[in-house]
Structure formats: C-alpha cells, structure tokens
Amino acid sequence: MDKLLKTIVEAAGDKKANNIVSLDMRGVEGAICKYFVICSADSTTQVGAICDGVEKDVFDRLGQKVWRVDGRANCLWIAMDYVDVVVHIFQTEMRDFYKLEQLWADAPVTRYEED
C-alpha cells in the first residue's frame, strides 16, 4: 500500500473515523488524484479532530504538508488535498446525503475494518 495512503487511513482510524474506504482512482479517466479516502464521524468536533490527526500524523511520519484544506470552518465536510491522495471527512448525515462513493462506482474500493 502507498505510504501516504496507509498513513492517512491509520491516522483517521486512530481518531475513530467511521466507515473508512479508499477508492483507487488510477484507472479512472480524468481522475485528479491516485486515491480518494472517505470517512465519517457523528459530530463536527470529531470531523475536525480527524482532520487535525491526519494532518499531524502525515507531517510527523512523512514530513509532508497538506496542500489545501477546505471545510474546516464548519466541519460538516472537510476535504484535504495531498495531491496524490484527497481525503474527504464527512459528518455522517452529509456523507449519507452526498453518496460520494457512488459517483465513482467503477473505481476499486478498499474498506478498512474498524477496531
């Protein structure tokens, strides 16, 4: 597994993210990155904590800074752009509404078990 992808998935899991999945976008025409990581949390506080945890762990382990973060102000849906990996952290209701995974149904999906 890609080091960046692995670090992001582990960091999200450490902050108790729900339903963590990655979409392998490498075979999808017009894809803007190699992978999407999608996860959710039941509160805006936890969404923010997952974002902070991912940002900290990626920097501490890999020395890589996030290129751009959007959505931190309301923490309903945060998108983190690491160029090769884009992370989407949703509040659970927002994830259920937008169904982001279904937009790229042809991308291979990996589901990560929750502890």
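Quick note: the coordinates plus some simple rules give every number you see, no bench work behind them. Computed from a predicted model, the values in this text were never measured in an experiment. Note that we place each Cβ from the backbone using ideal geometry, even for glycine, and neighbour counts take in every protein chain shown.
Give the residue, chosen from 61, 95, that is out of contact with any Phe, Trp or Tyr (no Cβ under 9 Å at 6 or more places or on another chain) and either surrounded by 14 or more Cβ atoms within 10 Å (Cβ to Cβ) or of a type in the set (D, E, K, R) (or both). Write out each step before concluding.
Numbers: 95 fails: out of contact with any Phe, Trp or Tyr (no Cβ under 9 Å at 6 or more places or on another chain).
The conditions single out 61.
What pairs can you find where one residue is in region 87-115 and over 11 Å from residue 19 (Cβ atoms), the other is among the charged types (D, E, K, R) and outside any loop (DSSP other than H, G, I, E, B), and their Cβ atoms are less than 6 Å apart, with a gap of 6+ or different chains?
Pairs found: 107/24; 108/24.
So, in region 76-115, of the ones that are assigned to a helix (DSSP H, G or I) and hydroxyl-bearing (Ser, Thr, Tyr), which residue ends up farthest from residue 14 (Cα to Cα)? Explain how you work it out, then say what you get.
Quick first cut of region 76-115, residues assigned to a helix (DSSP H, G or I) only: 92-98, 100-103.
Now narrow it down to the ones that are hydroxyl-bearing (Ser, Thr, Tyr): 92, 98.
Details: 92: 18, 98: 25 Å.
The residue in question is 98.
Out of the residues in region 1-40 that are closer than 17 Å to residue 70 by Cα and over 11 Å from the mean Cα position of the chain (by Cα), state the one that is surrounded by the fewest Cβ atoms within 10 Å (Cβ to Cβ).
32
In region 66-75, how many residues are buried (at least 17 other Cβ atoms within 10 Å of the Cβ) and either hydroxyl-bearing (Ser, Thr, Tyr) or more than 19 Å from residue 14 (Cβ to Cβ) (or both)?
Here the count works out to 1.
Please verify whether region 6-28 includes one or more residues that are among the basic types (Lys, Arg), part of a helix (DSSP H, G or I) and in contact (Cβ under 8 Å) with a residue 40 or more places away in the chain.
Of the residues in region 6-28, the ones among the basic types (Lys, Arg) are 6, 15-16, 26.
Remaining after also requiring part of a helix (DSSP H, G or I): 6.
Keeping just the survivors that are in contact (Cβ under 8 Å) with a residue 40 or more places away in the chain gives none.
No, region 6-28 has no match at all.
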